[in-house]
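I'd like to ask some things about the structure below.
The numbers here are math on the coordinates, done by the rules we state, and not lab data. Given the structure is predicted, the values throughout are model-derived calculations rather than measurements. Cβ sites come from the backbone with ideal geometry, for glycine too, and all protein chains shown count toward neighbours.
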Amino acid sequence: MGRREHSAPSGPSLVILALCLLAVVSGMEVIITPTVQALNGTDARLFCKFNSCYKMDNKLFSMNWTYKSCENCSEEMFIQYSNKKISYQRLEQFQNRVEFIGNPSKYDLTVVIREVQLQDKGEYRCYVLNPPDRDKGIGKINLQILTEVPPERDSTVAVLVGASVGGFLAIVILILVIVKCVRRKKQQNPNSEDQKTEEEVKTDGEGNPGGELKATIPEVP
């Protein structure tokens with residue numbers, strides 16, 4: 001029987017194979033603001049954009065927005081994009097207060113809820129499918145409705161606290177530097193004092209042998 005030989009894949013073939021594998025494992029990225037707060041009676045903007053490895057094809061691209069008021073509640077679709085058209089599912093809750101302000105060709109799927117009400121709070125989901133991406137991209141947004149404007153944070157206290165801490169640290173560092181200098185000076189002083197004592201003893205020995213003091217006796221007339 002003849003022996004079959006298998007040639008190793010060439011460099012360009014490996015590159016193409018790697019790109020194909022990368023395209024398979026790479027998913028779609030959906031960019032959203034996880035938590036949105038809106039004051040009751042104002043407009044709430046639900047930001048949603050997506051990134052895909054593939055260029056958008058209007059004939060294949062699809063998108064929809066859903067809403068559920070509680071964790072165990074079922075999702076209700078209120079906006080859908082398919083075949084180049086935006087269609088609104090008129091939920092009784094929203095009536096005509098929902099508006100699509102995005103641009104799918106620019107990967108923008110943002111919607112606005114006009115004059116939000118307390119019952120509009122809940123979870124909103126943005127679903128995106130951009131073939132040949134196989135998996136849908138999903139963005140989840142938690143909308144919170146506020147009844148009053150949250151108080152502004154006073155930055156004066158933070159500035160004062162920061163200044164106090166900074167001043168305290170500066171004093172501590174200064175004290176440590178002074179202590180270190182004093183210790184270093186003390187370590188150098190004993191050597192100088194010993195050397196000075198030796199010089200005094202040596203001088204005294206040369207001027208007065210034996211270390212005795214000479215006294216001058218006055219003569220008696």
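Suppose R0 equals 45 Å; then what is the FRET efficiency for residue 117 and residue 51 from their Cβ-Cβ distance, rounded to the nearest 0.05?
Step by step, r from the Cβ atoms, then E = 0.85.
Here is a follow-up. Express in nm, to one decimal, how much length is gained between residue 99 and residue 72 on full extension, taking 0.36 nm for each residue of separation and deducting their alpha carbon distance.
Going from the current span to full extension adds 7.1 nm.
With label points built 7 Å along Cα→Cβ from the Cα atoms of residue 134 and residue 87, find their separation and express it in nm.
So the label points at residue 134 and residue 87 sit 2.8 nm apart.
In the structure displayed, which of 85/121; 55/84; 84/121; 84/140; 49/136; 59/136 lie more than 19 Å apart, Cα to Cα?
Violating the 19 Å limit, Cα to Cα: 85/121; 84/121; 84/140.
Find, to one decimal place in angstroms, the Kirkwood hydrodynamic radius of the range 26-146, where the mean of 1/r is taken over every pair of different Cα atoms and then inverted.
After inverting the pairwise mean of 1/r, the radius is 14.6 Å.
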